[in-house]
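Have a look at the structure below, then the notes.
The values are calculated or read from the model by the stated rules, or taken from the named source; none is laboratory data. Values in this document were obtained by computation on a predicted structure and should not be read as measured data. Note: ideal-geometry Cβ built from the backbone for every residue, glycine included; neighbour counts use all protein chains shown. Just the protein is used for accessible areas: all its heavy atoms, side chains included, with ligands, DNA and RNA removed. Shrake-Rupley method; radii C 1.70, N 1.55, O 1.52, S 1.80 Å.
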Amino acid sequence: MSQFSRLVRIARTDFSYFFRTKWLMAVLISLSLSDMLVVGLVYGRLIPTKFAGLSYFQFLVPGIVVVGLFSAATDTGRRIWLALREGVVQYYLTLPVRTGGLVGAYIISGGLGGIVYSGALLAIAYFALSFLGTSTIPIQGIVYALALIPFLFVLATGIAGLAAFFASVSRRGEIYWVYAQALQVSMVTISTVFYPAQTIAQYLPAPVATIAEYNPLSLAAGVLRNSAFAGNPLDTSVLTNLLATSLPLAILGALAYWTILRNIRLKGKP
Amino acid sequence: MFAVETLNLSKRYGKTDALRGLNFTVNEGEIMVILGPNGSGKTTLLMILCTILKPSSGTAKVVGIDVVEEGTKVREVMGIAFQEARGFWRHKPSSILKFHASMFDIDPAKRQDLIERTMKDLELWESRDKMFMHLSGGQAKRLETAKVLIQQPKLAIFDEPTSQVDLRGKRKIWDKIRELRDQGSTVIVATNEVREAEYLADRVTILHQGQRVVCDTIPKLKDAIAGGDIVEVDFEDPVSGKLVKDLNGLGGDVSLSSEGNQLRAKVSRAEDWVPKMTSASYVAGAKIASIRITEPSLDDVFLHFTGKALAGQP
């Protein structure tokens, strides 16, 4: 068996671990669906304003999808932390796969978790729009959404990388949770995930607006709104920026996790 | 070629030397038991052999492959059952074994049968629907052993394979380990349990403070102790000073002590000394009521070679 197929098996096993954590799934799904189907639909009726040609529901849902992707991808950090502290990582280190392959497997699994979970949310949103008759989805929107999958996957690996980084530097579980919460608050708050860029520029200092504009979550939410919901062609510059901001995060996380594995080989502990 | 060979192997954690210039070999197809108290370097040695740890200096080879230079190749030919069971918490035992089998290229056509048979052999079948996190300590430990059994690696390593396992389970695991050896695997078992070592070992290596103290078969190790056998003789009358003097004059490495009607002798080889002793007693007119011969335990061997008792070591 090749190194690659072993890597894929490890990624698949770790990926399945995410969906086996039933309490986490229940929390994530109930939060996402209540945001989408209660807040989105109800507020959509209350707020008649159009945002760049989109209803409030169409504006909000890409944000929920991106936050879903973020939450699923950051779970990689929790799994890495558990594997490090419970010794499962030492079992992994006895398998015939290179250390780099092991690191790659975790990052890929984080990417897969993010894309599968957010993809399901997107499908539910399309279903809600079509069957509840709030608005229509252009057929190109669905095609663009499919074309976006690789880019969203890279974004999810970047977030998984960040989570891996925090898991690697956290000595205690609660410290990891603090990092993860801080990451979520900063990345989701300073972004255009839930409000338009113009609003941020209007009320917040210019540097904050710039950070929000180039935040990969903002870029992902923007491209989903513009193409997957409004049906406009994909903007290649946005996609390039999405890759350019996500890849370094994935590399940072991979390096941090690789360093931890190296420390285990040298010191016997993370 | 040795199945395992280390040369001047050292491992240092901060200021602590876990291994100190260890030279150690294991022949192909044997069960080598590494005996030593906690902190003697057993687990560190195993962790180096299975490539989790890098040595601070020296070399270690598994079936001729360097563990540092070609770690991935070493991992293809070895399997380890950890002292503390390690598994995916939310997976069932069969999923864990399937994953493990797939990582070591076990024929998919035979995989399911092999897993089922091994789980039944180790009495894990009834727990097949439990998640790993709900297994008892003994069940998790047997699952750890099952991983290595289905893998049938060239080098199988078991770190305290029966700690937390009940007596019946211990015997089953020991029999499966011997079966693994009979099928061609080389086996290393690290333990501080004397019974386990006695039951399994083709040879025993005693480790103490990160160094190899001695390595040999159990009978040879026991024979190597001065007073290798213990003979207890009950006489019908109190043991006389003259008899003790006569017995001391029989020659050989012997240590005698007497109390009332009983005489206790530590001798190198009981089979040589007892006939001489009975003749001498007959000549002296001392009537023997009973004779008991016991071997020294591995505890005695350990005490002899290290100056410390194996049991109760920190």
Filtered residues of the stretch B:179-208 (kept if part of a loop (DSSP other than H, G, I, E, B) and not charged (D, E, K, R)): B:GLN183, B:GLY184, B:SER185, B:ASN192, B:ALA201
Helices (runs of 4 or more DSSP H) contained entirely in the stretch A:185-252, each with at least 2 residues that are over 14 Å from A:VAL66 (Cα atoms): A:197-203, A:206-214
Test result for B:GLY184, farther than 22 Å from B:GLN112 by Cβ, in contact (Cβ under 8 Å) with a residue 40 or more places away in the chain and among the small types (Gly, Ala, Ser): yes
From A:THR74, A:THR99, residue being surrounded by fewer than 21 Cβ atoms within 10 Å (Cβ to Cβ) and not basic (Lys, Arg): A:THR99
The stretch A:256-270, residues that are in a helix (DSSP H, G or I), open to solvent by 20 Å² or more (accessible area, probe 1.4 Å) and either in contact (Cβ under 8 Å) with a residue 12 or more places away in the chain or at positive phi (or both): A:TRP258, A:THR259, A:ARG262, A:ARG265
Residue list for the stretch B:39-95, restricted to those being modelled with pLDDT under 95, crowded, with 22+ Cβ neighbours inside 10 Å and basic (Lys, Arg): B:LYS42, B:ARG86
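Per-residue answers, yes or no, for (1) open to solvent by less than 60 Å² (accessible area, probe 1.4 Å); (2) aromatic (Phe, Trp, Tyr):
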residue	(1), (2)
A:ASP14	yes, no
A:MET25	yes, no
A:ILE47	yes, no
A:LYS50	no, no
A:PHE57	yes, yes
A:PRO62	yes, no
A:LEU84	yes, no
Strands (runs of 3 or more DSSP E) fully within the stretch B:226-284 counting 1 or more residues that are open to solvent by 50 Å² or more (accessible area, probe 1.4 Å) and touching a strand residue (DSSP E or B) at 6+ places or on another chain (Cβ under 9 Å): B:254-259, B:262-267
Selection status of A:ARG225, within 14 Å of chain B (Cβ to nearest Cβ) and modelled with pLDDT under 95: no
Selection status of B:LEU19, within 14 Å of chain A (Cβ to nearest Cβ), open to solvent by less than 10 Å² (accessible area, probe 1.4 Å) and in a strand (DSSP E or B): yes
Residue within the stretch B:134-155 that is without any contact (Cβ under 8 Å) to a residue 40 or more places away in the chain, open to solvent by 20 Å² or more (accessible area, probe 1.4 Å) and within 14 Å of another protein chain (Cβ to nearest Cβ) present: yes
Residue within the stretch B:105-123 that is surrounded by 15 or more Cβ atoms within 10 Å (Cβ to Cβ), within 14 Å of chain A (Cβ to nearest Cβ) and within 28 Å of the chain's Cα centre (by Cα) present: no
Any hit, the stretch B:71-93, residues being more than 11 Å from chain A (Cβ to nearest Cβ) and over 20 Å from B:ALA156 (Cβ atoms): no
B:LEU180 open to solvent by less than 20 Å² (accessible area, probe 1.4 Å) and at pLDDT 95 or above: yes
Selection status of B:ALA289, open to solvent by less than 50 Å² (accessible area, probe 1.4 Å) and under 23 Å from B:LYS242 (Cα atoms): no
Residue within the stretch A:196-210 that is open to solvent by less than 60 Å² (accessible area, probe 1.4 Å) and either of a type in the set (Phe, Trp, Tyr) or within 16 Å of the chain's Cα centre (by Cα) (or both) present: no
Contacts under 9 angstrom Cβ, first residue in the stretch A:90-107 being more than 8 Å from every other protein chain (Cβ to nearest Cβ), partner aromatic (Phe, Trp, Tyr) and buried (at least 20 other Cβ atoms within 10 Å of the Cβ), 6 or more apart: A:LEU102/A:TYR92; A:LEU102/A:TYR257; A:VAL103/A:TYR257; A:ALA105/A:TYR92; A:TYR106/A:TYR257; A:ILE107/A:TYR257
Candidate set from the stretch A:126-149 (those that are touching a Leu at 6+ places or on another chain (Cβ under 9 Å) and modelled with pLDDT under 90); member that is most open to solvent (accessible area, probe 1.4 Å): A:THR136
